[in-house]
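Worksheet: one structure, shown below.
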Amino acid sequence: MAATDVSSLVKQLRRKLGRANVLSSRSELVVYECDGYTIEKNLPDVVVFPQSTDDVAEIVRLANRYDVPVSPRGAGTSLAGGCLPLGGGVVVMLTRMKRILEVNLRNRYAVVEAGVLNLQLARALAGSGYHFAPDPSSQGACTIGGNVATNAGGPHTLKYGVTVNHILGLEAVLGDGSMVRVGPVANRASLDLIGLLVGSEGTLAIITKIWVRLTPNPQDYRTLRVIFDTVDDATNAISDVIGEGIVPAAMELMDQGIVGAVDEAYHFGFPLDAEAVAVIELDGPSAGLDRQKERIVEICRKHGAREILQADTAQQRELLWKCRKMAVGAVGRLSPSYCIQDGVVPRTRLPHILRRIAEIGRSHDVRIVNVAHAGDGNVHPILLFDERDKDQVARVLAASKELLEECITCGGSVTAEHGIGVEKLEFMDALFAKADLDAMRRIRDALNPGARLNPGKLLPPSSSDAAEPRSAPQPAMT
């Protein structure tokens, strides 16, 4: 945008939202130049903080008048550049829309604004006997609106499903500034518009209000920490548990590199010479849990488990899950920068993909440590580097590309829960036929005419598209 247009847009936004809800100085904007995918950075022209759906609609209409892109953003914990403000424009921060509007236990739902933190809702439900099942590892920081945008998962996806399985209704603003509400009353005669909007990464609409399904708390838990001498042993055991017909609530994997960082951070007493630690949790009615647990123990021992410990108290279980969910945060002890990948393969290919990840790391001279929602076949290789070194950045990008291509070769996908964002656009042509992508673009154009909502994300441009704004990545700040 020309400087005069930016100045005019800022004045209009301040008139509508108030000066305190509009940021425009460079020192303020630099905070919003990227999300958790720090390799690409781009400054927005202005950042705004709406406090209602009406505010969001006004912002979109005004942006349309100035022909500028609009990038919705929650906590910025996304890891694929889904919040990157390509082409400058307006970043719409939804974090001040953070009210829990209703909790209806009798009908098992809650109504929240998009900026409500996942953990905020969990704490509000404590003691009620119910919970919101999606629990991403970034649960303490991520917003429910962001969970909806990326169709987030988490450790307990294995049994309970991803975000879309727990959304009953949505209020949203479309690309022309109109407001819509889908749900919350189920109507099986209608199109699944909720399924359409969840996971659309802000390219179809800006989600402002959400009706979430509440799930009864399990009666009991059996939570195990299993130590393996090799990653192969751990992944083969996990695959065999599923093959046995047992579906735990969660089966998580941490490799030796992650375990070392976690133990240094939290002093949990992990054996640092073990190549893999699995966290396996069963939940449900008490009757039958011990029988399933005993069968899992047998399978793990068959695959050479060195040690199997059970969390005997709620405090021990909580600490074990804290170690798993804070594992990514502990990576900061290993490297000044890191890139967390998100691929998924059939469970039976877990041993193969983790071996290939190690080989790819060696071939590109990139250190890679791993966490995984292993029960789903969802791997999260974490590539360690220093973003101030251009050569390291180039090697990390090359290694990332190769390992995601390997996921496709295995019959999997390049994302299970982080979304496509800008990072993975190049893989969409390999995952979908041209006719499928064209159909998705037609849906986008119907709900988001002009493609101003979060342009350059999720769907790669076609040859017939107008050129979408895509600034070159700016150098990392030092």
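What tally of residues in segment 339-362 results from selecting those that are in a helix (DSSP H, G or I) and either among the aliphatic types (A, V, I, L, M) or touching a residue at least 24 places away in the same chain (Cβ under 8 Å) (or both)? It would help to see each step written out before you state the result.
Within segment 339-362, the subset in a helix (DSSP H, G or I) is 347-362.
Checking which are either among the aliphatic types (A, V, I, L, M) or touching a residue at least 24 places away in the same chain (Cβ under 8 Å) (or both) leaves us with 347-358, 360-361.
Residues in segment 339-362 being in a helix (DSSP H, G or I) and either among the aliphatic types (A, V, I, L, M) or touching a residue at least 24 places away in the same chain (Cβ under 8 Å) (or both): 14 in total.
Does Gly269 satisfy the condition of being out of contact with any Gly (no Cβ under 9 Å at 6 or more places or on another chain), free of Cβ contacts under 8 Å to residues at least 40 places away in the same chain and over 24 Å from Val328 (Cβ atoms)? Give the steps one after another, and end with the answer.
Working: out of contact with any Gly (no Cβ under 9 Å at 6 or more places or on another chain): yes; free of Cβ contacts under 8 Å to residues at least 40 places away in the same chain: yes; over 24 Å from Val328 (Cβ atoms): no.
Judged against the criteria, Gly269 is not a match.
Looking only at segment 385-400, decide whether some residue is within 21 Å of the chain's Cα centre (by Cα), acidic (Asp, Glu) and surrounded by 17 or more Cβ atoms within 10 Å (Cβ to Cβ).
no
Only residues in segment 149-169 that are part of a loop (DSSP other than H, G, I, E, B) count as the first member; pair them with residues that are among the aromatic types (Phe, Trp, Tyr) and surrounded by 22 or more Cβ atoms within 10 Å (Cβ to Cβ), Cβ under 8 angstrom, at least 6 apart or cross-chain, and list the lot.
none
Does segment 63-78 contain any residue that is without any contact (Cβ under 8 Å) to a residue 40 or more places away in the chain and in a strand (DSSP E or B)? Show your work before the answer.
Just the residues of segment 63-78 that are without any contact (Cβ under 8 Å) to a residue 40 or more places away in the chain, to begin with: 65.
Remaining after also requiring in a strand (DSSP E or B): none.
Looking through segment 63-78, none of the residues is without any contact (Cβ under 8 Å) to a residue 40 or more places away in the chain and in a strand (DSSP E or B).
Which one of these is in contact with an Asp or Glu (Cβ under 7 Å, 6 or more places away or on another chain), buried (at least 22 other Cβ atoms within 10 Å of the Cβ) and over 19 Å from Lys457 (Cβ atoms): Pro155, Pro134?
Working: Pro134 fails: in contact with an Asp or Glu (Cβ under 7 Å, 6 or more places away or on another chain).
So the residue among Pro155, Pro134 that is in contact with an Asp or Glu (Cβ under 7 Å, 6 or more places away or on another chain), buried (at least 22 other Cβ atoms within 10 Å of the Cβ) and over 19 Å from Lys457 (Cβ atoms) is Pro155.
What is the residue count in segment 257-274 for residues that are out of contact with any Lys or Arg (no Cβ under 9 Å at 6 or more places or on another chain) and charged (D, E, K, R)?
Qualifying residue count for the region: 2.
Looking at Ala265, Ala276, Ala358, Ala305, which one is more than 21 Å from the chain's Cα centre (by Cα), under 30 Å from Arg388 (Cα atoms) and at pLDDT 95 or above?
Details: Ala265 fails: at pLDDT 95 or above; Ala276 fails: under 30 Å from Arg388 (Cα atoms); Ala305 fails: under 30 Å from Arg388 (Cα atoms).
One residue alone meets the criteria, Ala358.
Consider Ala133 against the criteria (1) in contact with a Gly (Cβ under 9 Å, 6 or more places away or on another chain); (2) modelled with pLDDT under 95: it satisfies all of them except one. Which criterion is unmet?
Of the numbered conditions (1) in contact with a Gly (Cβ under 9 Å, 6 or more places away or on another chain); (2) modelled with pLDDT under 95, the odd one out for Ala133 is (2).
What number of residues in segment 310-329 are more than 21 Å from Ser400 (Cβ to Cβ), small (Gly, Ala, Ser) and either surrounded by 13 or more Cβ atoms within 10 Å (Cβ to Cβ) or under 19 Å from the mean Cα position of the chain (by Cα) (or both)?
Of segment 310-329, the ones more than 21 Å from Ser400 (Cβ to Cβ) are 310-326.
Subset that is small (Gly, Ala, Ser): 311, 314.
Restricting the remaining residues to those that are either surrounded by 13 or more Cβ atoms within 10 Å (Cβ to Cβ) or under 19 Å from the mean Cα position of the chain (by Cα) (or both) gives 311.
The number of residues fulfilling the criteria is 1.
Mind counting the residues in segment 22-48 that are of a type outside the set (Lys, Arg), surrounded by 18 or more Cβ atoms within 10 Å (Cβ to Cβ) and out of contact with any Gly (no Cβ under 9 Å at 6 or more places or on another chain)?
Qualifying residue count for the region: 7.
Give the residue that is nearest to Ile353 (Cα to Cα), with candidates limited to residues of segment 412-433 that are over 21 Å from the mean Cα position of the chain (by Cα) and in contact (Cβ under 8 Å) with a residue 12 or more places away in the chain.
Step by step, filter segment 412-433, then rank; the result is Ala430.
Of the residues Leu319, Leu289, only one is in contact (Cβ under 8 Å) with a residue 12 or more places away in the chain, over 14 Å from Ala237 (Cα atoms) and out of contact with any strand residue (DSSP E or B) (no Cβ under 8 Å at 6 or more places or on another chain); which? Don't jump to the end; show me each part of the working.
Values: Leu289 fails: out of contact with any strand residue (DSSP E or B) (no Cβ under 8 Å at 6 or more places or on another chain).
Testing whether each residue is in contact (Cβ under 8 Å) with a residue 12 or more places away in the chain, over 14 Å from Ala237 (Cα atoms) and out of contact with any strand residue (DSSP E or B) (no Cβ under 8 Å at 6 or more places or on another chain) leaves just Leu319.
With the structure loaded, tell me whether Tyr66 is more than 22 Å from Glu171 (Cβ to Cβ) and either modelled with pLDDT of 95 or more or in contact with a Ser or Thr (Cβ under 9 Å, 6 or more places away or on another chain) (or both) or whether it fails that test. Steps first, answer last, please.
On the way: more than 22 Å from Glu171 (Cβ to Cβ): yes; either modelled with pLDDT of 95 or more or in contact with a Ser or Thr (Cβ under 9 Å, 6 or more places away or on another chain) (or both): yes.
Yes: the conditions hold for Tyr66.
Do we have any residue at all in segment 213-232 that's of a type in the set (Val, Ile, Thr) and either in contact with a Gly (Cβ under 8 Å, 6 or more places away or on another chain) or without any contact (Cβ under 8 Å) to a residue 12 or more places away in the chain (or both)? Please lay out each step first, then the result.
If we filter segment 213-232 for residues that are of a type in the set (Val, Ile, Thr), which is where we start, we get 215, 223, 226-227, 230-231.
Okay, now just the ones that are also either in contact with a Gly (Cβ under 8 Å, 6 or more places away or on another chain) or without any contact (Cβ under 8 Å) to a residue 12 or more places away in the chain (or both), so 230.
Scanning segment 213-232, I find at least one residue that is of a type in the set (Val, Ile, Thr) and either in contact with a Gly (Cβ under 8 Å, 6 or more places away or on another chain) or without any contact (Cβ under 8 Å) to a residue 12 or more places away in the chain (or both), so the answer is yes.
Out of segment 167-192, which residues are surrounded by fewer than 21 Cβ atoms within 10 Å (Cβ to Cβ) and at pLDDT 95 or above?
Leu168, Gly169, Leu174, Asp176, Gly177, Ser178, Met179, Val180, Arg181 - these are the residues of segment 167-192 that are surrounded by fewer than 21 Cβ atoms within 10 Å (Cβ to Cβ) and at pLDDT 95 or above.
Among the residues of segment 294-308, is there at least one that is surrounded by fewer than 22 Cβ atoms within 10 Å (Cβ to Cβ), outside the structural domain of Val396 (by TED's automatic domain parsing), touching a Pro at 6+ places or on another chain (Cβ under 8 Å) and within 21 Å of Pro218 (Cβ to Cβ)?
no
From the list Val116, Val111, Val92, which one is surrounded by fewer than 24 Cβ atoms within 10 Å (Cβ to Cβ) and of a type outside the set (Lys, Arg)? Even if it seems obvious, please write down each step before you answer.
Numbers: Val116 fails: surrounded by fewer than 24 Cβ atoms within 10 Å (Cβ to Cβ); Val92 fails: surrounded by fewer than 24 Cβ atoms within 10 Å (Cβ to Cβ).
None of the other options fit; the residue is Val111.
Does Asp283 satisfy the criteria of being part of a helix (DSSP H, G or I) and either touching a residue at least 60 places away in the same chain (Cβ under 8 Å) or on the phi > 0 side of the Ramachandran plot (or both)?
When the stated conditions are applied, Asp283 does not pass them.
This table checks each residue for (1) hydrophobic (A, V, I, L, M, F, W, C); (2) modelled with pLDDT under 95.
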{"residue": "Val414", "(1), (2)": "yes, no"}
{"residue": "Val422", "(1), (2)": "yes, no"}
{"residue": "Asp429", "(1), (2)": "no, no"}
{"residue": "Ala433", "(1), (2)": "yes, no"}
{"residue": "Asp438", "(1), (2)": "no, no"}
{"residue": "Pro461", "(1), (2)": "no, yes"}
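The values are calculated or read from the model by the stated rules, or taken from the named source; none is laboratory data. Predicted model only: the values in this text are computed from it and were never measured. Virtual Cβ from ideal backbone geometry, glycine too; neighbours counted across all protein chains shown.
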